[in-house]
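The values are calculated or read from the model by the stated rules, or taken from the named source; none is laboratory data. Worth saying up front: this structure is predicted, and the values here are computed from it rather than measured. For neighbour counting, all protein chains shown are included, and Cβ atoms are generated from backbone atoms with ideal geometry for every residue, glycine included. Surface areas here come from the heavy atoms of the whole protein model, side chains and all, with no ligands, DNA or RNA. Shrake-Rupley method; radii C 1.70, N 1.55, O 1.52, S 1.80 Å.
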Amino acid sequence: MADDKKGRDKQAHNAEKRQRQRELREALERGDETEPLWEDESLPKECHRRGCAADPSFIVVERYQEETGQGAVEAVAYLCQTHTREESPANLDQAYPEYQFRIEALP
């Protein structure tokens, strides 16, 4: 590759592309890990359901394939006990091998 502006730009672009690919690979490898979601201080203080002011007791997570098939989508809802009882998988038609539906109790 020539040592001119175009060559340096191409090298920089290729380095950025490799970095993005490496980060994507690492994220996909970590995709099976389940980490506690409640450790974030910015968690909502109310149930996710409209009109419910109760404190959330559970985190409901559903990971499914995006409609376009280009990647995974993770839907997260913080729900009170009453609304958690009513929750069920909503995106089974977009299920894929790493599909997840889980409910975690908040501490």
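Of all residue pairs spaced 6 or more apart or on separate chains, those with beta-carbon atoms under 8 Å, a first member in the stretch 78-104 that is in contact (Cβ under 8 Å) with a residue 12 or more places away in the chain and a second member that is polar (S, T, N, Q) and in a strand (DSSP E or B) are GLN94/GLN65; ALA95/GLN65; TYR96/GLN65; TYR99/GLN65. In the set ARG30, ARG50, only one residue is at pLDDT 85 or above and either of a type in the set (Phe, Trp, Tyr) or open to solvent by 100 Å² or more (accessible area, probe 1.4 Å) (or both); that residue is ARG50. Counting only residues that are within 12 Å of the chain's Cα centre (by Cα), farther than 17 Å from LEU43 by Cα and open to solvent by less than 50 Å² (accessible area, probe 1.4 Å), the stretch 55-98 holds 6 of them.
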